[in-house]
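Engineer: Can you read through this structure? Questions will come right after.
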């Protein structure tokens, strides 16, 4: 059997190039692989680290077509730093250089279009915080027909207090079978109790929707 030996100079070059690739990798810009938690599959995921238009139109990861975000307030952008709370894959490794989606006052509804075609027992999670003048209360409803919003499956009528530090919100829709296998499923978040009218904002990061394959 013939053995082929690479010259030492070539081996050194390959090693240096490989090291440079690892060093230059930007955490949060890498799309994570699909993640399973038990029988749960990650259907949609936004890490909120891309430019704002990309965030609203395209999830960081999605296995069902048609997911998007929209905001009815005055304007939105991104803000650093975000959080690694509820992050997925490589996004769990660092906070520095990551961002969050910033929804500014005057506020309007924040709508998450989350088609669930082929999946059931849905669980939505996201990290949320506010600025000192942001909305201190978020009210969550959802629709299964794309038009009429309800809070049937949501605990505490969907009313959540929001602090200036990030906290994790978990919404379990498994008690409502009409959410399952539904291309029209959307979640809407309304904002209230802000101390600022033209200033202040609420921030969202690492939005995930998990479900079980039907």
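Only the coordinates and a few stated rules stand behind these numbers; no lab work does. These figures come from a predicted structure and were not determined experimentally. Positions of Cβ are generated from backbone atoms using ideal geometry, with glycine treated the same way; all protein chains shown enter the neighbour counts.
Okay, residues lined up against (1) assigned to a strand (DSSP E or B); (2) crowded, with 18+ Cβ neighbours inside 10 Å; (3) touching a residue at least 40 places away in the same chain (Cβ under 8 Å):
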site	(1), (2), (3)
78	yes, yes, no
98	no, yes, yes
129	yes, yes, yes
147	no, no, no
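Engineer: Counting only residues that are in a loop (DSSP other than H, G, I, E, B) and within 21 Å of residue 149 (Cα to Cα), how many does the stretch 167-214 have?
Structural biologist: 10
Engineer: Something else now. Which one of these does residue 164 not meet: (1) closer than 14 Å to residue 138 by Cα; (2) part of a loop (DSSP other than H, G, I, E, B); (3) under 18 Å from the mean Cα position of the chain (by Cα)?
Structural biologist: Among (1) closer than 14 Å to residue 138 by Cα; (2) part of a loop (DSSP other than H, G, I, E, B); (3) under 18 Å from the mean Cα position of the chain (by Cα), residue 164 violates only (3).
Engineer: Something else now. Listed residues 152, 83; which is out of contact with any helix residue (DSSP H, G or I) (no Cβ under 6 Å at 6 or more places or on another chain), part of a loop (DSSP other than H, G, I, E, B) and buried (at least 17 other Cβ atoms within 10 Å of the Cβ)?
Structural biologist: 83
Engineer: Being surrounded by fewer than 18 Cβ atoms within 10 Å (Cβ to Cβ), within 27 Å of residue 212 (Cα to Cα) and in contact with a strand residue (DSSP E or B) (Cβ under 7 Å, 6 or more places away or on another chain) narrows it down to one of 108, 118, so name that one.
Structural biologist: Step by step, each of 108, 118 is checked, and only 118 is surrounded by fewer than 18 Cβ atoms within 10 Å (Cβ to Cβ), within 27 Å of residue 212 (Cα to Cα) and in contact with a strand residue (DSSP E or B) (Cβ under 7 Å, 6 or more places away or on another chain).
Engineer: Taking the stretch 173-183 as the search range and keeping residues that are in contact with a strand residue (DSSP E or B) (Cβ under 7 Å, 6 or more places away or on another chain) and either in contact (Cβ under 8 Å) with a residue 60 or more places away in the chain or under 15 Å from residue 139 (Cα atoms) (or both), which one is surrounded by the most Cβ atoms within 10 Å (Cβ to Cβ)?
Structural biologist: Once the filter is applied, the top-ranked residue is 179.
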